[in-house]
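Colleague: Structure provided below as structure tokens; questions to follow.
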């Protein structure tokens, strides 16, 4: 017979007041690694706020621009009203570019963080 515990299907949360044993205690993390992870998280959060702000300006700014300058809605581009193009078509490629830009910045931050953690012997963690 195997020494492994028997698998049990969990179909509902444990009853109130039931103590659920943890399979193992969490391992202690290296303080330097923890500090580096916190720094990277702060950088990523700042960059996410910038990206979300740009997206909000784009998505809310186009309708506001058309409301403040109604003559723009009268322009025609390829036979279609510019107001319709600005609200229905223009945001999608701009949001794709914004997503690509954010991904590039996030990857650059991670590469920079990895390079900062290289020890004096030149080994990566």
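Colleague: Suppose we keep only residues that are in a loop (DSSP other than H, G, I, E, B) and more than 24 Å from residue 6 (Cα to Cα) within segment 17-33. Which one would you say is modelled with the highest pLDDT?
Modeller: 30
Colleague: One residue is enough: does segment 39-57 have a residue meeting the conditions farther than 30 Å from residue 114 by Cα and assigned to a helix (DSSP H, G or I)?
Modeller: Within segment 39-57 (the criterion being farther than 30 Å from residue 114 by Cα and assigned to a helix (DSSP H, G or I)), the answer is yes, since at least one residue qualifies.
Colleague: Of all the residues that make up segment 67-121, how many are under 30 Å from residue 36 (Cβ atoms) and either part of a helix (DSSP H, G or I) or out of contact with any helix residue (DSSP H, G or I) (no Cβ under 7 Å at 6 or more places or on another chain) (or both)?
Modeller: 23
Colleague: Also, I was wondering about something else. Residue pairs, Cβ under 9 Å, 6 or more apart or interchain, first in segment 40-66 and at negative phi and surrounded by fewer than 16 Cβ atoms within 10 Å (Cβ to Cβ), second outside any helix (DSSP H, G or I) and at pLDDT below 90. List them.
Modeller: These pairs meet every condition: 58/90.
The values are calculated or read from the model by the stated rules, or taken from the named source; none is laboratory data. All of these numbers come straight from a predicted model, not from anything done at the bench. No Cβ is skipped: glycine too gets one built from the backbone with ideal geometry, and neighbour counts run over all protein chains shown.
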